[in-house]
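*Asks:* Quick one: the structure is below, questions incoming.
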């Protein structure tokens, strides 16, 4: 299973949908990327293959980042989903 995460401007929440195949995930990634490049204030509607009935509508001009990752069965050690970046305080 592959996860497509979409981050919105000024919003700490990541929206995500899932695809069963690598090809479908990459195609959706390209679709979101092209919508971001277009610059038109259109709405992009995404569906999830894992949770049937899950539909997300996003204003294209509010998208700040998109990410594709493969879902692992073990999960992360911290209990949080993978993100776009991580900040740590410097040791003094």
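Computed from the coordinates by the stated procedures, all read-outs in this text should not be read as laboratory data. The model shown is predicted, which means the values in this text are computed figures rather than measured ones. Cβ atoms come from the backbone with ideal geometry, glycine included; neighbour counts cover every protein chain shown.
Conditions tested, residue by residue: (1) closer than 10 Å to residue 2 by Cβ; (2) assigned to a strand (DSSP E or B); (3) touching a strand residue (DSSP E or B) at 6+ places or on another chain (Cβ under 8 Å).
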{"site": "12", "(1), (2), (3)": "no, no, no"}
{"site": "17", "(1), (2), (3)": "yes, yes, yes"}
{"site": "24", "(1), (2), (3)": "yes, no, yes"}
{"site": "28", "(1), (2), (3)": "yes, no, yes"}
{"site": "32", "(1), (2), (3)": "no, no, yes"}
{"site": "41", "(1), (2), (3)": "no, no, yes"}
{"site": "46", "(1), (2), (3)": "no, yes, yes"}
{"site": "49", "(1), (2), (3)": "yes, no, yes"}
{"site": "61", "(1), (2), (3)": "no, no, no"}
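*Asks:* I'd like the residue in the stretch 7-40 that is within 12 Å of residue 61 (Cα to Cα) and surrounded by 14 or more Cβ atoms within 10 Å (Cβ to Cβ) and, out of all such residues, is nearest to the chain's Cα centre (by Cα).
*Replies:* Going through the qualifying residues, I end up with 7.
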